[in-house]
Amino acid sequence: MSHDFLQMHLKAVISCLLIFLYKVHTTKAGQFFSSGHTNNWAVLVCTSRFWFNYRHVANTLSVYRSVKRLGIPDSHIVLMLADDMACNYRNPKPATVFSHKNMELNVYGDDVEVDYRGYEVTVENFLRVLTGRLPPSTPRSKRLLSDDRSNILIYLTGHGGNGFLKFQDSEEISNMELADAFEQMWQKRRYNELLFIIDTCQGASMYERFYSPNLMALASSQVGEDSLSHQPDLAIGVHLMDKYTFYLLEFLEEVHPASQANMNDLFKVCPQSQCVSTPGHRTDLFQRDPGSVLITDFFGSVRKVEITKDTINLTSPVEPPIQRSGSGDIQIESLTYVDQLPVAEIIHQKPKQKDWHPPDGFILGLWTLILLVFFQTYGIKHLKHIF
Amino acid sequence: MAAPLTLLLIVAVTIRAVLFRSSLAELISERVEVVSPLNAWKRVVEGLALLDLGVSPYSGDVFHETPLMIYLFHFTVDYAEIVFMVSPYFVDCLSCLLASLDRAKIAIGSNNLKSDLLFNFPGCLRHIISFSTCGLNNAIIALFIFCTLKGSALLSGILLALATYQSIYPLTLFAPALLFFLQRLYIPVNLRRSSFWCFTLQYAFIYVGSLVVITGLSFFLLGSWDFIPSVYGFIFSVPDLTPNIGLFWYFFAEMFEHFRLFFICVFQINVFFYTIPLSIKLKEHPVFLIFMQIAIISIFKSYPTVGDVALYMAFLPAWSHLYRFLRNIFLVSCVLLACSALFPVLWHLWIYAGSANSNFYYAITLLFNFGQILLVSDYFYAYLRREHHLTHGLYLKKKDGTEATLVLK
């Protein structure tokens with residue numbers, strides 16, 4: 001009897017151990033695959049136009065920069081900028097958008113791909129991008145081609161109020177429309193998990209109405225509060241960033257693709273002491289624990305890494321090509337990167353305008369003749385008055 | 001004489017300076033009655049800018065000034081206003097001089113100065129602030145007349161060459177100048193006398209020689225003969241048909257190509273044609289002949305402007321003693337005043353309002369030139385009549401004792 005009991009107990013222990021091990025194993029593996037997404041998308045929207053809303057473009061471009069740095073490619077980013085600040089005629093430093101004063105960080109460059117620009121940034125286009133109901137002629141770069149295993153980051157910035165966000169100074173999107181759009185996305189299985197960040201005045205009002213699962217939302221200010229801008233730059237003449245996104249950018253600069261920072265750290269970004277406004281967040285619709293959600297789940301791109309502890313021998317290295325002497329005269333130079341032309345040869349400068357001067361012979365001849373005629377008419381006697 | 005003249009000049013300078021600075025200057029400098037393609041200041045500036053860029057200013061149809069003008073304006077392009085303010089003075093001084101010369105003949109008081117200013121005003125006013133080089137051309141012609149009257153054959157020949165070099169038409173002034181010198185030197189105008197030919201050849205040599213020297217010198221300025229087709233070819237062949245106060249543009253705008261050469265020749269000969277007959281008629285009165293020639297040039301040249309009109313109008317006070325013999329003075333002054341007023345009106349109606357067409361403007365051009373011709377012929381009649389009265393007395397009687405009138409035939 002005790003043997004049976006012992007056997008049973010042993011079995012139970014072993015099974016418990018096995019289950020425990022399995023659980024551990026699955027939690028480890030589960031942790032590795034717990035997010036459930038296979039690709040990442042980002043929809044970054046700046047809704048403000050005009051030069052004095054420089055900071056909204058800088059906000060969006062900072063998030064774009066971080067997202068791209070952490071691995072999301074341009075093909076998976078839908079960037080919508082309502083105005084062109086880099087080439088704005090009021091920009092004293094053209095082709096730049098700075099996010100730090102004293103021009104420390106230029107978030108613009110020739111690797112910024114804007115998908116919706118200028119007047120294309122409308123409420124209708126934004127909602128069509130989210131829901132996927134675009135005309136068939138829309139190019140791929142303008143589509144959100146997400147599936148049910150996509151984690152999507154949606155970042156909105158601009159001027160907002162209680163329950164709405166202003167687009168282009170002419171129309172607005174309400175929080176209900178946004179919630180319905182996300183429900184459409186859920187119904188069409190267009191996202192696995194969605195992180196919604198909004199940096200506007202009274203931003204928390206925009207996520208009040210969400211009702212779809214797997215949504216996490218952050219806002220820069222509560223209802224009744226204004227989100228404030230961070231620093232003006234005296235050379236450029238406008239505020240460069242908003243406070244919330246500035247500190248978000250600082251936080252994200254710390255994050256690298258292998259970082260284990262989680263959402264709880266993100267919620268702590270920009271407390272009231274720094275931001276003046278109270279950032280808010282909403283996680284009740286999210287099924288996972290925010291502490292287990294990595295920043296890179298939304299801001300970075302998923303990398304499936306196979307860990308192996310074996311050493312692998314690569315094939316023997318390729319031998320360098322045999323130097324053919326051939327005819328000793330001709331020395332074939334090894335192909336190097338083409339030498340760049342000096343800038344002055346590329347940029348044709350306007351030829352410096354040389355003032356035309358009459359030839360000396362002409363002046364000489366003319367004045368000799370004039371003097372001759374003068375003396376002929378008035379006689380030589382005037383000569384002594386000159387010399 | 002000197003003090004009133006100085007005062008007059010100061011007043012004139014002030015008025016011109018005020019007008020230059022006003023916004024009227026820009027308005028007037030674009031009017032077609034005032035600037036022509038030959039003498040527009042805008043074209044001079046354009047030509048100098050082309051030169052600074054290393055391109056010959058004669059390439060293209062923009063610049064039609066002579067190289068000596070390039071040389072002159074190269075230094076004064078910033079001080080253009082001063083040049084334009086100074087150059088019409090020559091015309092003023094000359095007309096005063098003419099008046100004073102004739103004073104010796106007729107003994108009229110110094111009210112000539114006032115009439116001189118009065119005559120200067122309507123004509124000169126428009127053209128002085130027009131920023132055209134017409135003022136300089138007029139100044140050269142005025143200087144030429146001055147030197148002729150003073151008796152210096154060398155200077156007169158050189159200045160006439162310069163005036164011809166600028167625009168070809170002063171060539172016709174060779175004959176009156178020659179006649180004046182012959183009269184001065186008491187050489188009778190007899191084709192068989194060797195003294196006549198001697199002096200004629202001398203004068204012609206001075207004239208042609210200086211013309212050749214000036215042309216050669218202007219070749220050396222830019223190193224090419226481009227200026228000859230650009231300046232003289234332009235004057236003769238009239239390619240630019242912008243409306244002006246002359247007669248060429250309308251006619252040649254509707255001309256068929258194969259008649260064009262014929263009519264160019266006809267129109268240009270018209271300018272030179274009156275020289276010989278007038279010289280024969282007025283061989284004892286070369287000063288009046290100069291006036292007539294200048295008037296004919298101003299009427300019949302290919303691109304006349306009000307500047308040319310102002311040139312011979314400035315000399316009218318010298319013949320103020322002919323006033324009592326003028327028959328059409330009221331008609332002529334009314335016609336000229338009315339046309340001056342109607343030119344801008346019809347231009348506006350044609351170009352801007354679109355309710356008139358080129359025929360309206362051409363009609364006013366015709367009327368204006370008709371008025372000018374009437375004025376010139378009226379003065380001609382008055383001069384000849386006065387000469388007749390000088391020899392035959394003031395009250396003419398026919399053979400049967402009744403009063404006679406003189407008729408110009």
For this session: Might you let me know whether region B:193-211 holds any residue that is within 14 Å of chain A (Cβ to nearest Cβ), over 30 Å from residue B:366 (Cβ atoms), in contact (Cβ under 8 Å) with a residue 60 or more places away in the chain and aromatic (Phe, Trp, Tyr)?
Result: no
For this session: Test residue B:144 against the stated conditions and say whether it is at pLDDT below 85, within 25 Å of residue B:65 (Cα to Cα) and aromatic (Phe, Trp, Tyr).
Result: no
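Being out of contact with any Lys or Arg (no Cβ under 6 Å at 6 or more places or on another chain) and either farther than 23 Å from residue B:279 by Cβ or within 14 Å of another protein chain (Cβ to nearest Cβ) (or both), is that true of even one residue in region B:165-172? I'd like the intermediate steps shown before the answer.
To start, the set of residues in region B:165-172 that are out of contact with any Lys or Arg (no Cβ under 6 Å at 6 or more places or on another chain) comprises B:165-168, B:170-172.
Now restrict to residues that are either farther than 23 Å from residue B:279 by Cβ or within 14 Å of another protein chain (Cβ to nearest Cβ) (or both): B:165.
Yes, some residue in region B:165-172 is out of contact with any Lys or Arg (no Cβ under 6 Å at 6 or more places or on another chain) and either farther than 23 Å from residue B:279 by Cβ or within 14 Å of another protein chain (Cβ to nearest Cβ) (or both).
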Problem set entry | Per-region count, region B:130-156, residues farther than 29 Å from residue B:34 by Cα, within 13 Å of chain A (Cβ to nearest Cβ) and touching a helix residue (DSSP H, G or I) at 6+ places or on another chain (Cβ under 7 Å) | 5
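Could you tell me which of the residues A:145, A:127 is closer than 25 Å to residue A:201 by Cα and either in contact with a strand residue (DSSP E or B) (Cβ under 8 Å, 6 or more places away or on another chain) or at pLDDT below 95 (or both)?
Values: A:145 fails: closer than 25 Å to residue A:201 by Cα.
One residue alone meets the criteria, A:127.
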Problem set entry | Every residue from region B:185-221 that is surrounded by 12 or more Cβ atoms within 10 Å (Cβ to Cβ), more than 24 Å from the chain's Cα centre (by Cα) and of a type outside the set (A, V, I, L, M, F, W, C) | B:193, B:195, B:200, B:202
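Take the residues in region A:85-117 that are among the acidic types (Asp, Glu) and surrounded by fewer than 16 Cβ atoms within 10 Å (Cβ to Cβ), then tell me which one is farthest from residue A:142 (Cα to Cα).
Taking region A:85-117 and keeping what is among the acidic types (Asp, Glu), we get A:104, A:110-111, A:113, A:115.
Those still in the list that are surrounded by fewer than 16 Cβ atoms within 10 Å (Cβ to Cβ) too: A:104, A:110-111, A:113.
Working: A:104: 31, A:110: 19, A:111: 17, A:113: 11 Å.
Ranking the candidates gives A:104 first.
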Exercise. Out of region B:212-226, which residues are within 13 Å of chain A (Cβ to nearest Cβ) and either hydrophobic (A, V, I, L, M, F, W, C) or outside any helix (DSSP H, G or I) (or both)?
Worked result: B:212, B:213, B:214, B:217, B:219, B:220, B:221, B:222, B:223, B:224
For this session: Hand me the list of helices (runs of 4 or more DSSP H) wholly inside region B:18-97 holding 1 or more residues that are modelled with pLDDT under 85 and within 14 Å of chain A (Cβ to nearest Cβ).
Result: B:41-52, B:67-76
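Any residue in region B:166-182 that is in the same structural domain as residue B:295 (by the TED database), over 24 Å from residue B:268 (Cα atoms), out of contact with any strand residue (DSSP E or B) (no Cβ under 9 Å at 6 or more places or on another chain) and buried (at least 23 other Cβ atoms within 10 Å of the Cβ)? It would help to see each step written out before you state the result.
Here is the first cut: in region B:166-182, the ones in the same structural domain as residue B:295 (by the TED database) are B:166-182.
Cutting the leftovers down to over 24 Å from residue B:268 (Cα atoms) gives us B:180-182.
Checking the rest, the ones that are also out of contact with any strand residue (DSSP E or B) (no Cβ under 9 Å at 6 or more places or on another chain) come to B:180-182.
Retained after the next criterion (residues that are buried (at least 23 other Cβ atoms within 10 Å of the Cβ)): none.
So far as region B:166-182 goes, no, none of its residues is in the same structural domain as residue B:295 (by the TED database), over 24 Å from residue B:268 (Cα atoms), out of contact with any strand residue (DSSP E or B) (no Cβ under 9 Å at 6 or more places or on another chain) and buried (at least 23 other Cβ atoms within 10 Å of the Cβ).
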Exercise. Which residue, of B:303, B:352, B:379, B:362, is in the same structural domain as residue B:31 (by the TED database) and hydroxyl-bearing (Ser, Thr, Tyr)?
Worked result: B:303
Problem set entry | The one condition in (1) at negative phi; (2) within 14 Å of chain A (Cβ to nearest Cβ) that residue B:184 fails to fulfil | (2)
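Just wondering, is there one or more residues in region A:194-210 that are within 26 Å of residue A:172 (Cα to Cα), more than 22 Å from the chain's Cα centre (by Cα), among the hydroxyl-bearing types (Ser, Thr, Tyr) and in a loop (DSSP other than H, G, I, E, B)?
As a first pass, look at region A:194-210 and keep what is within 26 Å of residue A:172 (Cα to Cα): A:194-210.
Those left that are additionally more than 22 Å from the chain's Cα centre (by Cα): A:202, A:204-210.
Restricting the remaining residues to those that are among the hydroxyl-bearing types (Ser, Thr, Tyr) gives A:205, A:207.
Among the residues that remain, those that are also in a loop (DSSP other than H, G, I, E, B) are: none.
No, because not a single residue in region A:194-210 is within 26 Å of residue A:172 (Cα to Cα), more than 22 Å from the chain's Cα centre (by Cα), among the hydroxyl-bearing types (Ser, Thr, Tyr) and in a loop (DSSP other than H, G, I, E, B).
Criterion first (more than 20 Å from residue B:31 (Cα to Cα), outside the structural domain of residue B:169 (by the TED database) and surrounded by fewer than 18 Cβ atoms within 10 Å (Cβ to Cβ)) does residue B:396 satisfy it?
yes
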Seminar exercise, completed: Counting only residues in region A:131-190 that are polar (S, T, N, Q), out of contact with any His (no Cβ under 8 Å at 6 or more places or on another chain) and outside any loop (DSSP other than H, G, I, E, B), the one surrounded by the fewest Cβ atoms within 10 Å (Cβ to Cβ) is identified as A:187
Exercise. Would you pick out the residues in region B:240-289 that are of a type in the set (Lys, Arg) and assigned to a helix (DSSP H, G or I)?
Worked result: B:260, B:281
Problem set entry | Sole residue being part of a loop (DSSP other than H, G, I, E, B) and touching a Lys or Arg at 6+ places or on another chain (Cβ under 9 Å), chosen from B:384, B:406, B:322, B:394 | B:406
Seminar exercise, completed: Taking region B:250-273 and keeping residues free of Cβ contacts under 8 Å to residues at least 24 places away in the same chain and surrounded by 13 or more Cβ atoms within 10 Å (Cβ to Cβ) leaves B:251, B:252, B:255, B:260, B:263, B:273
Exercise. Pick from region B:327-360 the residues that are crowded, with 18+ Cβ neighbours inside 10 Å and in contact (Cβ under 8 Å) with a residue 40 or more places away in the chain: which of them is farthest from the chain's Cα centre (by Cα)?
Worked result: B:347
Exercise. If residue A:109 satisfies every condition in (1) more than 18 Å from residue A:79 (Cβ to Cβ); (2) part of a loop (DSSP other than H, G, I, E, B); (3) of a type in the set (Gly, Ala, Ser) but one, which is the exception?
Worked result: (1)
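The values are calculated or read from the model by the stated rules, or taken from the named source; none is laboratory data. All values reported here derive from a predicted model rather than from experimental measurement. Neighbour counts run over all protein chains shown; Cβ positions are idealised from the backbone, glycine included.
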